[in-house]
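Written out below as structure tokens is the structure these notes cover.
The values are calculated or read from the model by the stated rules, or taken from the named source; none is laboratory data. Please read these numbers as outputs of a predicted model, since none were measured by experiment. Here Cβ is always computed from backbone atoms with ideal geometry, including for glycine, and neighbour counts include all displayed protein chains. Only protein heavy atoms, including side chains, enter the accessible area calculation; ligands, DNA and RNA are left aside. Shrake-Rupley method; radii C 1.70, N 1.55, O 1.52, S 1.80 Å.
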Amino acid sequence: MRPVVITIKDLHIDYRNLQHFTIQQMIKNPALKGGKVLHAVRGVDMTVREGEIIGIIGENGAGKSTLLNSIAGIFKPDKGVLDTAGRRVSLMSLGVGFKPDLSGRENIMLAGLLLRYPVAYIREKMDEIIEFSELGDAIERPVRTYSGGMYSKLSFAITAILETDIMLIDELLSVGDAHFQEKSFRKIQELVRRDKMTGLIVSHDMELIRDFCDRVIWMHAGKVQASGDPQKITEQYLCWSASRQSEPLKYFDQPVITDKTVLYRGMKVHEQRGLIVNDPDALSDGVLRTAVNWEPVCVKKGSKIHVRTERVSYRLYFYQPDSSGEWGIQSLMFPEGVKAHFIGGETDPTPHTEAVFTATEDVCLRFVFFSNSDKGFEEPVALEDLVDIRELGSDADDSLPDAREKETERVAKAVAAIAGADDMVGIVLADTHAACCGTWRTTAQAIQRLCEKLREDGIQTDVIVHLGDITDGLCPYAVTSKIENQIIRDLEQTGTPVRLCIGNHDLINILNMSEGHSRERLLAVTGQEKLWSYLDIPAKKMRLIILDSFDPKEADPYGFSSEEADWLEMTLEQTPEDYGVLVFSHVPPGREKTRWEEPIRGFDTLMDILTAFDRERGQAVLGIIHGHDHIDSIKEDRELPIISIGPACFRYRAAEDAQEGQPARITGEASQELFDVVIAGQNAHKLEFI
């Protein structure tokens, strides 16, 4: 039996994240210096024998790269045993260990010395490494000037040519151009056939893992989920991956967030209606033959669409927004149906091969592309890679229709009549529930135009507050993130500070159609240190408090934690004496349950803190403003006024269809948009909504 060369027992590796703390904060509060702990590897046990080639698979963030870095000696275990029996270990990963100001040649020498090779041996191998890397004269340049592909080539060449006992490969087997990739695969095949070569390969390429590896380890959330035969374990992983995601396999990894229209590979589509079917068996042949746009393409009548049919054939499905005004579009590609009229589509089983077609009316399109290659869609692909979209309709018209332009003028005049020089003027909106083909674009136009009109009248908007449920949570991660980022960009284009509350749809995975967002990601998006925060407007003597009211990890996810309550009490105590306070939240702080009968944790503690502060300061809390309930209302049965803001998403047709407190909404009229201007003044204890 071959000797054991890697022994791992109960391995734990933690990261400490300090990115949300400033140096000033850590000096003032030494307890922050530990940062947030991320348990990247949790209790891994593994034994690898000489000559084994082990594949490691799992989703992004599973702990795969951290495990390889620890074996390479880059990360020290926080707990457990890791022993490589004194063998030389090399890690093939993008730029690991490179010194950016040294040349490529100098980095080759440094890498060899770190592997404990004598200088003479490294010099002997130098020319072979340079030749294999194909970097030519660039080898004399500092590696900080290298592209990602050049980094990869150099890293691969060093690891492949310098003979080590244990080779670790982290997602670096598809580097450079097609020629270099082919050469790299041949070299790997040569290396793994060496009698005593031991290797660990991290990759999302299941075919590669099955071809090269003797055994596969599937990692999930820092732990070993399964280990064994490559064919069996990769099949288990792919079935698990497909069952938990709306788009089976999508990119094999986290899809890139881009302004391009992402195509999801390997999906099954309902033949009559074009709806995506979540079916793991659609991938049973192991080939990603289809590519589908979840995010529809909206084109104008007369547009010419050019398809690169040398690569694909295609089938088209047509959708048209509901023009009756009965419902706006919340999620055009909703899994259980379409909240828009389905007006046609191709049901002929033979896909199109025509390179050009003309849109006969304004319409939204879903493409189902079929690869003309026997290998299917091997690489991620965007709609723009297959379709010429330069002629899709005319340039966007940012002017408002007459009815909404008149409404903007009316609101601006009303604000000018009410707002004093010392009053804060803000815009508040809630529950946009934005999705593909929704009405957000017209809402953004109306908000931008209103801010512009107010500036013309000499009034500066001090803040825009979104009260949560930015998106509907029903689209895949890449699409959701694109919509979310667009909304934030549109609001920021007004030149007004933007603050966000976080809603339930922003964080949870509804109907398993979205990966959801982590609280950490939303912190990064909002630029806030916590999901609760405050904003002072000194010129208007106002403090705006933004509360966090949803945590999916809690048994009762809606509500307010004791930590947040302590923070609120401290923040109120530190509020300047002559300041007024406005409080913003997704769910109502002043009730035991939401309008949808969801229990609200900690509401009574929060209200006691606010009420006590208001009494002490003499009506300093001007109001509490929230979303979630989808109604316009003011509750004055408590000591503090609680104001609910109706949903910005376009929902109800007329008063008879609307719920209590929900205004009628008519397509194309001013009522299609719903947001409020809030005017608050501490001196006169003023709180007005327009």
- Query: Using the Karplus equation 6.51 cos²θ - 1.76 cosθ + 1.60 (θ = phi - 60°), what ³J(HN,Hα) coupling, rounded to whole Hz, does each residue of the stretch 110-124 give in order, writing x for Gly and Pro?
  - Reply: 4, 4, x, 5, 5, 8, 6, 8, x, 4, 4, 5, 5, 5, 4
- the stretch 531-690, accessible surface, carbon-and-sulfur percent (1.4 angstrom probe): 46
- Task: Could you pull out the GluC sites (Glu not before Pro) across the stretch 548-584 that fall in loop regions by DSSP (anything but H, G, I, E, B) with no more than 12 other Cβ atoms inside 10 Å?
- Result: GLU554, GLU577
- Message: Let me understand the stretch 536-604 better: what is its radius of gyration from the alpha carbons, and its Dmax, in angstrom?
- Response: 13.6, 42
- What figure in square angstrom, to the nearest 10, would you give for the accessible area of THR350 with a 1.4 Å probe? 100
- Which far-off residues, 5 or more places away or on another chain, put their amide H under 5 Å from the one on ARG215, with H placed in the peptide plane? ILE53, GLY55
- Using a 1.4 Å probe, how large is the accessible area of LYS79, given in Å² and rounded to the nearest 10? 110
- Task: Give the long-range amide H neighbours of ALA648: residues separated by 5 or more places, or on another chain, with amide H under 5 Å away, using H modelled in the peptide plane at 1.01 Å from N.
- Result: ALA430, ASP431, THR432
- Task: Lys and Arg at +1, Asp and Glu at -1: add these up for the other residues within a Cβ distance under 13 Å of ASP10 and post the number.
- Result: +1
- Task: Report the relative contact order of the stretch 562-627, percent, no decimals, based on alpha-carbon pairs under 8 angstrom and at least 6 residues apart.
- Result: 44
- For VAL41, which sequence-distant residues (separation of 5 or more, or a different chain) have an amide H within less than 5 Å of its own amide H, given hydrogens modelled in the peptide plane? ILE13
- Task: Please state the charge dipole magnitude for the stretch 46-90, taken about the Cα centre, from unit charges on C-beta atoms (+1 on K and R, -1 on D and E), reported in debye and rounded to the nearest 20.
- Result: 140
- Note on the structure: With all protein chains in place and a 1.4 Å probe, LYS635 shows an accessible area in Å² (nearest 10) of 90
